[in-house]
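The values are calculated or read from the model by the stated rules, or taken from the named source; none is laboratory data. The structure displayed is predicted, hence computed values, not measured ones. For neighbour counting, all protein chains shown are included, and Cβ atoms are generated from backbone atoms with ideal geometry for every residue, glycine included.
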Amino acid sequence: MIANTMYKALRLPSLVIITLFLFVASCRNQDPIQITDAWIRAMPPSQTMTAGFLRIENTSPQDNALVAVETAMADTVEMHEMVYENEMMKMQPVPRIAIPAGQTAQLKPGGYHLMLFGLKSQPAENDSVFLTLYFEDQSTRIAKAFVRKTAQQEPKTQPAATE
Ligand SMILES: [Cu+2]
């Protein structure tokens, strides 16, 4: 009887502690940098370069920026922006792509994008490629990008799926 009462007395606080622990653990697992929709444009075999796109959400209260990208499948990766100059759209390298606190940087056709130069192999459609992303806060992420011919259609009625 005494043992049973003690057991009951112990049980409630330990449940609370476990719940708190799980809550803290789940907060810690939530990466403030969320990368979604990473893809590389499939190119004809004669091409030695291609473009890459992704969405980077910064859920933290600190500003951040993408400062460099690497992949094993290309000699170099540059970050580019599109600018309108002399009545023409042209692209040029940028040293960083800002991701302000609470905002999302969109790398997409017609805007910011990655350029992969010196492809070591020709990525086939539906292959996946790993990109190493370097951020201004000294952190690094690995993103899995799928090889596609065109941007995936944005769902009109539902929010985009997150990984
Ligand atoms: Cu470019």
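Considering the range 85-100, and only residues there that are in contact with a strand residue (DSSP E or B) (Cβ under 6 Å, 6 or more places away or on another chain) and among the aliphatic types (A, V, I, L, M), the residue that is surrounded by the fewest Cβ atoms within 10 Å (Cβ to Cβ) turns out to be MET89.
Of the residues PRO61, PRO44, the single one that is part of a loop (DSSP other than H, G, I, E, B), surrounded by fewer than 12 Cβ atoms within 10 Å (Cβ to Cβ) and modelled with pLDDT of 95 or more is PRO61. Looking at the range 64-90, which of the residues that are assigned to a loop (DSSP other than H, G, I, E, B) and in contact (Cβ under 8 Å) with a residue 40 or more places away in the chain is farthest from the ligand (Cβ to nearest atom)? Checking each candidate, the answer is ALA72.
Each row is one residue, and each column tells you yes or no for (1) more than 22 Å from GLN152 (Cα to Cα); (2) loosely packed, with under 14 Cβ neighbours inside 10 Å.
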| residue | (1), (2) |
| --- | --- |
| LEU54 | no, no |
| GLU78 | yes, no |
| PRO109 | no, yes |
| SER121 | yes, yes |
| GLU125 | no, yes |
| VAL129 | no, no |
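Taking (1) within 13 Å of the ligand (Cβ to nearest atom); (2) in contact (Cβ under 8 Å) with a residue 60 or more places away in the chain; (3) on the phi > 0 side of the Ramachandran plot in turn, GLY110 satisfies each apart from (2). Restricting the search to strands (runs of 3 or more DSSP E) fully inside the range 91-163 and requiring at least 1 residues that are within 18 Å of MET73 (Cβ to Cβ) and modelled with pLDDT of 95 or more gives 104-107, 113-119, 128-135, 140-148.
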